[in-house]
1. Among all the lysines, which ones have a C-alpha under 29 Å from A:K104's C-alpha, if same-chain residues fewer than 8 places away are not counted?
2. Be a star and scan region A:255-281 for residues whose amide nitrogen sits under 13 Å from the point 7 Å along the Cα-to-Cβ vector of B:V409.
3. Please give, to one decimal in nm, the separation of the simple spin-label points placed at B:N189 and A:Q233, each 7 Å out from Cα toward the Cβ.
4. Return the sequence-ordered ³J(HN,Hα) values of region B:267-277 in whole Hz as given by the Karplus equation 6.51 cos²θ - 1.76 cosθ + 1.60 applied to θ = phi - 60°, using x for Gly and Pro.
5. Starting from the amide H of B:T171, placed 1.01 Å from N in the peptide plane, find each other amide H under 5 Å away whose residue is 5 or more places distant or on another chain.
6. Sum -39500 (n - 2.57) across every DSSP H segment of at least 4 residues in chain B, then divide by the residue count to get the 222 nm mean residue ellipticity, nearest 500.
7. Please give the calculated 222 nm ellipticity per residue for chain A, where each DSSP H segment of at least 4 residues contributes -39500 (n - 2.57) and the sum is spread over every residue; nearest 500 deg cm²/dmol?
8. Could you run the Karplus curve 6.51 cos²θ - 1.76 cosθ + 1.60 with θ = phi - 60° over region B:82-89 and give me ³J(HN,Hα) per residue in whole Hz, x for Gly and Pro?
Amino acid sequence: MKSLNRKTGFIAKENRRSFYTFIALWIIGFALFQVIPIFWGFRVSLTNRMAFSLVIKNVGLKNYIRAFSDTKVMVSIAQTFYYSLANTFIQVVLGLFLALLLEKRMRGHSIFRVMFYLPYVIPIVATGWIFRIFLDKNVGTLNLILTNLGLIEQKISWLGSYPLLSVLSANFWRVGWSLLIFLGGLSTIPHDLYDSAEVDGANYLKRVRIITIPFLSPFIAFQLVISFIYGMQMFIMPFILNPTPMRGGQLTSFDPPQETFFILARGYSIIFNDSRLAYGFAVLWINFLIVLIFSLIYTRLIKRYTYSEIEG
Amino acid sequence: MKKAITVFLFIAMAAFVWAGGESEGGEGPVTLRVMSPESDFTDAWLESWNEANPNIQLVREDNDYTKWLADFMSGSSADLLNFGRGAEIPYFVRRGLLLDLTEYFEKSELIKMNDIDLGGCGAYRFDGQEQGKGSWYGLPKDYNNVTAITYNKELFDKAGAAYPSETEPMTYDQFVALARKVTFEEGGNKYFGTEVNTSWVPFIASDMAYMIGKTLHTADGLKMNEDPEVREIWKYFLRLRKEGISSNLEDPLSGWAGSAFQGGNIAMVQLGYWFGASCASVENYQQKFGWAPAPVMSKEGPRVTSSLGATGFVISSQTKYPDQTFAVFEWYMAGEPGVERAKTGWGIPPLKSLQPLLPEETEFDRVRKEIAMEEVKYMKPPQLTWYARADIYINEFKAAETAYLKGDVTEDKAIDMFYETINEALALGKEELGE
């Protein structure tokens, strides 16, 4: 018995060792390239450091206080927030709607499934460029279609007059991810529930309301959190859809218009264009805290309002 | 198995540590990093150098200032850097980022001090207080009179306007009047009279200020100049867009000023000598496009043209191999690449001995060269300070301009908005330098 215990203990120890050995590389990478820079950034945000400061001193929370009274930063936070909410709404509602359509197994549904998912596979930079050309006032396809249909007389400057809508429309095209999650969720719902409801006289909309939505609630909640976080991290698309014409060089050399100058881009511009390292890190930390707080609130709400087969 | 994994990890770790340490140096072969776009440091030149110099091998990385500055902060910047705006030499020198090349120039067999074109290369000198004087920190790969005008004869003919003179500069008032005349709409398409390249606003403003005997900043360089005449200069750019002589939010361009001009949407652009070489891709460009000198503020006043300080090359102060890097630098400026570049007509060579190689066989090339060589005489370094980078001026002016065009602020408020942010940036720059 004693020998058996010793053997079990040895195996457990070996398992533990293997476990830590296998995850060690990832943990080291995570610590080196994520955790340390993040906390280094926090430390810098408490100083007056610029890119090449000769005299660096601690200033406490001055940069954070300053950020909250900086109109430009506040506008960026508000715009990022609007964008994230709108993007979350589009991703969840449209993704769910398309998933419900595709679940019906109509003719050619697998082709549609691929078609809707395909844009998500295209890199975001390529999507941006496609939309830049699509929305261009002079040579863009959208104005061409609308003009030929007689819906508009004068071509519209989409990128210049509707920058936020332009970025949203480019991201709306990437609804494939959300669609895939919902299709996965729909496949977990037992079909006999629908059959029983149908026998009881429930129409399609009622079946969706009383069966599909509750069963899908954990997936919807997941999508809400993920889409919101992704929205708060939007960075490159506004630079690509910047109405200021680019000429070679760096994509990020011209700031986007105020409506799409989201908080990450603002932080980047403060750090790299204005050389204000400490202040830029403070702005980015504020964004991190906003995302963290909202994620925690969401997680709480998920626990309370979503369906789960696991007893909590 | 466990032993094998342990040995493997140990070897990998040792290799990692070894790779990160000193692997070259002394008299042995060295590898230098060149940060430059391929167009300015071609693969052919790179291979040619590497073949001829087995002890100094070059690797090129694409130009990215942000990356170079971040690399510098971490102590690993590229040795040789393509420097987009010579105007920013004081900013970089004051922060100790560039190697002083004066002694190398004095000893160089290829670059002779008396062969350097001081008019076009002045921005690469800085004595700690004034640009254009003191130590050398690099050289332009070539330079240009970037405010000279290229115009589209077809659009002038359509608008019934006379072509501008090739020798006599217009005043800016005449230039705007002419631009207004050649702005028109046809078949649902808008044709603009002129378009200022977004990145060049502070440089053109700088020339204008010089011409009226003013400065863009106060004497200590720490505040924007509130002089009404200087404020008028900045307003000039706002008005071009507001009036629709240039593109704006409702009527944007589909490309940058140069590509829109070549596409036939703009009647006049101020881009300078190099743009002639770029226009060669347009059918019948020699018949279609003409040249005029940069406008002046008044006929009686001085002429001033800008080269933005010109795009050139500088050497990082962090380089471990300054001698080898300078060897590449002098070969690039005066050797095979310098000669080849001069013959293409993409810019005026920094060395006077190479300038006769510029193309002038056609009337088009002859005129643009004559204008350029005349305007070199009036070249001055742009009026930036070492407290803030040019990008801040460009982006903050764009933000103020957008607010103005959207009707959110008045013309004066837009200038106030611009000044306020620049003043703040200048104050922070002062703090950064510990002055």
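1. A:K206
2. Within reach of a label on B:V409, which here means backbone N under 13 Å from a point 7 Å along Cα→Cβ, region A:255-281 contributes A:258.
3. 4.4
4. My calculation for region B:267-277 gives 7, 9, 10, 9, 10, x, 3, 4, 5, x, 5 Hz in order.
5. Close amide H contacts, sequence-distant or interchain: B:V296.
6. Result for chain B, helices only: -12500 deg cm²/dmol.
7. -21500 deg cm²/dmol
8. Rounded to whole hertz, the list is 6, 9, x, 9, x, 4, 8, 3.
The values are calculated or read from the model by the stated rules, or taken from the named source; none is laboratory data. Values in this document were obtained by computation on a predicted structure and should not be read as measured data. When we count neighbours, we look across all protein chains shown, and the Cβ atoms used for this are built from the backbone with ideal geometry, even at glycine. Surface accessibility is based on the protein's heavy atoms, side chains included, excluding ligands, DNA and RNA. Shrake-Rupley method; radii C 1.70, N 1.55, O 1.52, S 1.80 Å.
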